[in-house]
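Report on the structure given below.
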Amino acid sequence: MAMAPATAAPGRPPSAALATAAATAPSANADTAATGALLGACPGAQRAVVRRNIMALQDVFSELERCRSPAIAAVHGRCIGGGVDLITACDLRICSEEATFCVKEVDLAIAADLGTLQRLPYIVGHGVAMDLALTARMVGAAEAHRIGLVSSVVPTVKGASTGSTSNGSSSNGRSAVIAAAVQLAAAIASKPQLAAQGTKRVLLHSRDHPLVAGGLDYVATWNSAQMISNDLIRVLGSARGGGTREGKGEGAGGGGVLIGAGRGIGNRVGGGGESDRPPASASGSADDRVDDGDGNSTATVRASLPRPRL
């Protein structure tokens with residue numbers, strides 16, 4: 001937009017355009033105006049700059065997806081245009097009863113270019129996204145919840161003192177939705193960190209690479225790198241002492257799990273006690289055993305394991 005005055009007179013020599021821009025533009029915008037003037041003689045170069053500017057703005061919103069931790073959008077009042085670009089880049093969205101949403105760009109004679117048209121169809125579906133983007137109609141909180149744009153609508157606390165925000169909505173609703181977002185964030189933060197981060201990354205990868213085979217390969221690679229963690233040990237293991245029937249065990253004794261690996265070969269993982277096991281049957285069946293830390297088996301589960309594929 002800042003380049004427009006410099007290109008208002010087609011055919012003007014770049015030097016004259018530069019002089020005009022330098023004389024009329026405020027000092028804070030002098031560099032932008034000068035750049036626009038220099039590019040004024042080349043519409044292609046000017047459009048290349050505009051494209052780079054748009055992509056730089058897109059990159060800002062995409063940082064929310066690249067962030068390892070889940071991002072939560074708490075919406076109150078009007079969420080229009082760039083606001084929708086912002087919340088669709090978040091992983092979870094909640095809103096107050098007074099929230100409204102609008103993909104407004106078509107009314108401004110442009111196509112939404114910061115992520116709404118790319119991300120919204122995966123959130124609400126292609127048909128609904130087409131409706132919202134082409135009509136630019138306003139959507140209330142109840143409809144936003146019904147179509148899946150937000151996962152929940154936070155009710156305004158009744159009886160509490162309410163003020164008014166700049167857009168006419170109540171400050172009480174704003175406080176309620178922020179409190180709900182913080183509570184949701186705390187619930188997610190209480191989960192094993194690597195598991196939460198991995199879940200977000202795999203879901204985004206599956207969205208952007210919709211083939212099932214590729215998604216399965218990706219999550220196998222991710223879990224092979226991230227799954228073995230202290231969090232997993234904590235979930236599977238008890239606080240101290242030997243194992244349980246579910247294979248729990250942590251501490252000096254440790255819970256031992258015997259894993260049959262085809263052809264009757266058994267590999268023992270974890271725990272103290274005896275590491276020998278009876279051979280599996282020729283069919284590939286094996287006993288999965290849970291030791292109590294002293295080598296005594298407390299539970300035996302018969303499992304038929306497939307032979308390994310070479």
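To keep it simple, each residue is scored yes or no on (1) of a type in the set (V, I, T); (2) farther than 25 Å from S190 by Cβ; (3) open to solvent by 50 Å² or more (accessible area, probe 1.4 Å).
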residue	(1), (2), (3)
L57	no, yes, yes
E63	no, no, yes
A73	no, no, no
T88	yes, yes, no
C95	no, no, no
D107	no, yes, yes
I110	yes, yes, yes
R119	no, yes, no
Y122	no, yes, yes
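Can you go through A30, A22 and tell me which one is in a helix (DSSP H, G or I), open to solvent by 70 Å² or more (accessible area, probe 1.4 Å) and modelled with pLDDT under 95?
Only one candidate qualifies: A22.
Hey, G148 hits all of (1) touching a strand residue (DSSP E or B) at 6+ places or on another chain (Cβ under 8 Å); (2) surrounded by fewer than 17 Cβ atoms within 10 Å (Cβ to Cβ); (3) of a type outside the set (K, R) but one; which does it fall short on?
Condition (1) is where G148 drops out.
Would you mind finding the one in Q197, Q183 that is farther than 25 Å from G81 by Cβ, free of Cβ contacts under 8 Å to residues at least 60 places away in the same chain and assigned to a helix (DSSP H, G or I)?
Criteria check complete, one pass: Q183.
I need the strands (runs of 3 or more DSSP E) fully contained in the stretch 47-142, keeping only those with at least 2 residues that are under 21 Å from V202 (Cα atoms).
72-75, 92-96
Could you please give the count of residues in the stretch 75-86 that are open to solvent by 50 Å² or more (accessible area, probe 1.4 Å) and touching a residue at least 60 places away in the same chain (Cβ under 8 Å)?
Within the stretch 75-86, residues that are open to solvent by 50 Å² or more (accessible area, probe 1.4 Å) and touching a residue at least 60 places away in the same chain (Cβ under 8 Å) number 1.
Take the residues in the stretch 171-189 that are more than 14 Å from V75 (Cβ to Cβ) and modelled with pLDDT under 95, then tell me which one is surrounded by the most Cβ atoms within 10 Å (Cβ to Cβ).
Of everything passing the filter in the stretch 171-189, N172 is surrounded by the most Cβ atoms within 10 Å (Cβ to Cβ).
Take D131 and decide whether it is surrounded by fewer than 19 Cβ atoms within 10 Å (Cβ to Cβ), touching a helix residue (DSSP H, G or I) at 6+ places or on another chain (Cβ under 7 Å) and either of a type in the set (D, E) or on the phi > 0 side of the Ramachandran plot (or both). Reasoning before the result, please.
Values: surrounded by fewer than 19 Cβ atoms within 10 Å (Cβ to Cβ): yes; touching a helix residue (DSSP H, G or I) at 6+ places or on another chain (Cβ under 7 Å): no; either of a type in the set (D, E) or on the phi > 0 side of the Ramachandran plot (or both): yes.
Against the criterion (surrounded by fewer than 19 Cβ atoms within 10 Å (Cβ to Cβ), touching a helix residue (DSSP H, G or I) at 6+ places or on another chain (Cβ under 7 Å) and either of a type in the set (D, E) or on the phi > 0 side of the Ramachandran plot (or both)), D131 does not qualify.
For the stretch 202-229, give me each residue that is at pLDDT 90 or above, over 30 Å from S96 (Cβ atoms) and open to solvent by 40 Å² or more (accessible area, probe 1.4 Å).
Those that are at pLDDT 90 or above, over 30 Å from S96 (Cβ atoms) and open to solvent by 40 Å² or more (accessible area, probe 1.4 Å): S206, D208, H209.
Could you list, in sequence order, the residues of the stretch 133-161 that are of a type outside the set (G, A, S) and modelled with pLDDT under 95?
Passing the criteria: P155, T156, V157, K158.
The values are calculated or read from the model by the stated rules, or taken from the named source; none is laboratory data. Computed from a predicted structure; not experimentally measured. Ideal geometry is used to build each Cβ from the backbone, glycine not excepted, and the neighbour counts take in all protein chains shown. Ligands, DNA and RNA are excluded from the accessible area calculation, which covers all protein heavy atoms including side chains. Shrake-Rupley method; radii C 1.70, N 1.55, O 1.52, S 1.80 Å.
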